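Since the structure comes first, as structure tokens, the remarks are kept for the end.
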Amino acid sequence: MAVDTLYTGGRVRTFDPEQPWAEAIGITGDRITYVGSAAEAPASLRTVALEGRLVTPGVADTHNHLLLGYDDLAVSLDQVQSLDVVRSRIAKFAEAHPGLEWICAENALYSVVEGRRPRADDLAGVTDRPVFITTYDQHSVWLNRPALAKLGILGGGDIAWGNPEIDHRTGEPTGWVTDFYTSAMTTDGLAELQRDIPMYSPDRRYRKIVNSLDMARRFGITTVVEPQVPLAELPLFDRAEREGKLTSRTIAAIYHPVGSDGDFRSRITEAIKETPQHDRFRLGMVKLYADDVIEPHTAAMLEDYANRPGHRGHTSLEPLEFTRLFVELDRLGYQVHTHATGDWGIRLTLDAIEAAQRANGTRDARHGIVHVECLAPEDLPRFRDLGVVAAMQPRHASPDLVAGTWMENVGEARWDRAWRFRSMVDSGARVTFSSDWQVGEMDPLVGVYSAMTRARLDGGDAWTADERLDLDRTLEAYTKGGAGAFHHENSLGMLRTGYLADLVVWSGDLYAMEPAEILAQRADLTVVGGTAVHDARGELGGAAAAAPVQDPGGAGQSCTEPAADHHCHSHTH
């Protein structure tokens, strides 16, 4: 019997241990029905000539903040190193948009003002309208004085979506707000943001989801995990499904704010029951925070920060309280994915998982620890022993992202604990790679290059090179590893007969290239459930042909996806 579509004449990396490589793959309906040699391939209704290109399982981007995508009515501060440039971009945007009540901006660097955090006074004279700026990691906010006044912070008022920093010499707010992301996703925090900050309106948040999903399909991403969804924003994903925008399979983790009680957990259970779940969308995970992030010294460290003696950051909850919460979530049957960057935060999470197993019995929960930026050596084998998924982001280990603030805060004596990709894979732990869009570029090929080189995108300054991975194990973490992290290993993550037909045809044979050459490649075809959702060359009749990708680096600009230059959305960590 003929297959619907036959892809033939290339290199097919299946990640199936029983048949690691093939020359052709056939699809009927939404399933793979043939994997084997080109000579023995069945007849087909349609044939795609691969011409030596590489086919792999579709990419599972297991930590992709769809809700944080880029906002087309916000100023991009990507990679801006100078306060003068920040001021200039905001001033020009404000002049070009006289009808906006607020001027919003995204992705500011902590180091944009040398030697200290930015302050409200650094924005004086730029505009008389309130300015709201998020940092690249979404964990802090920078406000000007009109914004402080409008929000009531100048008068000593509190906000539900963060902690305003106070100048201890004057008693006045500085314009900097910490603990933003964890607070902003609480019920009260999000409600207040939606009331006061236009960038958080449901319509603008929905546009971010749609923009992010559109990018995902163009980068070969067939499964996306949105790792932190407030209960109030679940309807946005139902809307995306109804409007046909879920071009990639989407898994959403519900955010469990610090301090939420049993009533909130009951609401999670009800939301899972009431939210429509189907082939392209599902719930079930819960997201926790064990600590914050290293750059503003708020991640939990086992020893003092190198440049701040006596300070080790803090955990999100007292350790006993965090452990009790984790044990309860495990008892309720949830798969828990926990943000942990500092070595103390990681250890606390591992201890909590171990306590849950003692209390509730061992099951194949596949709880995850997200980021794993600074890992104490004695905790490395515990990932394998406890069955924990290490959900890591290769791009975060690049010197052009972590040189400076991250490296200085941690100190050179602990650099060998940083993003231990090779050690984690060699240990036998479950490892999945992802982008952390929009903290990092969504393009998985940027992550592939970073995992292979630990170098800057320009090829210079490899860092902690002992933790580099080869191409094959890197791609496995982006495909098979991602499917296994969420119990999909029997239907996704491999190119095997009977599996769902999620695959990507790359523009060349990545295995025949040096790492720098990989950066110039692209996804030619992205197939989800047998249907091409992206077709850069129009090989399947143009139904999913390429279109310009919006450039988050500039308001209203766009870029196409030529093979040599399609990384138009770079971000700095």
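The values are calculated or read from the model by the stated rules, or taken from the named source; none is laboratory data. Owing to the predicted nature of the structure, the values given are computational and were not obtained by experimental measurement. In this analysis, Cβ positions are derived from the backbone assuming ideal geometry, glycine residues included, and neighbour counts consider all displayed protein chains.
Before moving on, here are some points about what is shown:
- Qualifying positions in the range 353-377 - among the aliphatic types (A, V, I, L, M), touching a residue at least 40 places away in the same chain (Cβ under 8 Å) and not in a strand (DSSP E or B): Val372, Leu375, Ala376
- Which numbered condition Glu23 fails, given (1) buried (at least 21 other Cβ atoms within 10 Å of the Cβ); (2) free of Cβ contacts under 8 Å to residues at least 40 places away in the same chain: (1)
- Selection within the range 253-268 - farther than 20 Å from Ala340 by Cβ and surrounded by 14 or more Cβ atoms within 10 Å (Cβ to Cβ): Phe264, Arg265, Arg267, Ile268
- Looking only at residues in the range 378-416 that are over 21 Å from the mean Cα position of the chain (by Cα) and outside any helix (DSSP H, G or I), the one that is farthest from Asn64 (Cα to Cα) is Gly411.
- Residue in the range 439-457 that is surrounded by fewer than 23 Cβ atoms within 10 Å (Cβ to Cβ), under 27 Å from Gly115 (Cβ atoms) and in contact (Cβ under 8 Å) with a residue 12 or more places away in the chain present: yes
- Residues of the range 44-57 that turn out to be part of a loop (DSSP other than H, G, I, E, B), of a type in the set (D, E, K, R) and over 30 Å from the mean Cα position of the chain (by Cα), as a count: 1
- Test: residue in the range 136-147 that is modelled with pLDDT of 95 or more and of a type in the set (S, T, N, Q): yes
- Some residue of the range 220-234 being touching a strand residue (DSSP E or B) at 6+ places or on another chain (Cβ under 8 Å) and assigned to a helix (DSSP H, G or I): yes
- Cβ-Cβ contacts under 8 Å between residues 6 or more apart (or on different chains), taken from a first residue in the range 305-318 that is closer than 16 Å to Glu295 by Cβ to a second residue that is of a type in the set (Lys, Arg), are listed as Tyr305/Arg312; Ala306/Arg414.
- Among the residues of the range 124-131, not a single one is among the small types (Gly, Ala, Ser), within 24 Å of Pro444 (Cα to Cα), touching a residue at least 12 places away in the same chain (Cβ under 8 Å) and not in a helix (DSSP H, G or I).
- Test result for Gly310, closer than 22 Å to Val177 by Cα and out of contact with any strand residue (DSSP E or B) (no Cβ under 7 Å at 6 or more places or on another chain): no
- Which listed residue is more than 30 Å from Leu109 (Cα to Cα), hydrophobic (A, V, I, L, M, F, W, C) and part of a strand (DSSP E or B), from Ala24, Ala41, Ala60: Ala24
- Flag if Met215 is at pLDDT 95 or above and under 27 Å from the mean Cα position of the chain (by Cα): yes
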